[in-house]
Structures are given as structure tokens and as C-alpha cells.
Amino acid sequence: MPTEFEMRQRNAKFAKDARAGKKPTHPSRQEQLAKRSPINLWALGVIVFVIVGGVLFELVRIVFL
């Protein structure tokens, strides 16, 4: 485990890099939220199910009827 002195050095280096415009090692919370999909995974699954199910139903109707 790093000592307090080492942690201070790392914090100082991180702050200097951040001020210099270098990208931090971990994305901020705002960046993580910006990358998130605007639609929930389950809602996307329902939409895909309806579309694919409708296409399959129409194919079965065309082939067998």
C-alpha cells in the first residue's frame, strides 16, 4: 500500500496532467452518462422482438397461406 507521501506525489502529478489538458485515467460521471444509450436495454429488446416477430409472422403467412 502506498505511503501518504507517495499518494501526495501521485495526486500532484494527476492534478498537473489534468491542468495540462491530458485525459484523466478514469472518465468523469458526466462522460459516463453521456455515453449511455438513451433507451433501456429491455425496451430495446421489446422493440426488436416486435419487429423481428412481425417479419417472421409475415414470412410464415406468405409461405404457408
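The values are calculated or read from the model by the stated rules, or taken from the named source; none is laboratory data. Not measured: the values here are computed from a predicted model. When the accessible area is computed, the model is the full protein with side chains, heavy atoms only, and any ligands, DNA or RNA have been set aside. Shrake-Rupley method; radii C 1.70, N 1.55, O 1.52, S 1.80 Å.
Of the residues making up segment 1-25, those that are modelled with pLDDT under 75 and open to solvent by 80 Å² or more (accessible area, probe 1.4 Å) are Met1, Lys22, Lys23, Thr25.
Considering segment 26-62, and only residues there that are open to solvent by 100 Å² or more (accessible area, probe 1.4 Å) and under 20 Å from the mean Cα position of the chain (by Cα), the residue that is farthest from Ala15 (Cα to Cα) turns out to be Trp42.
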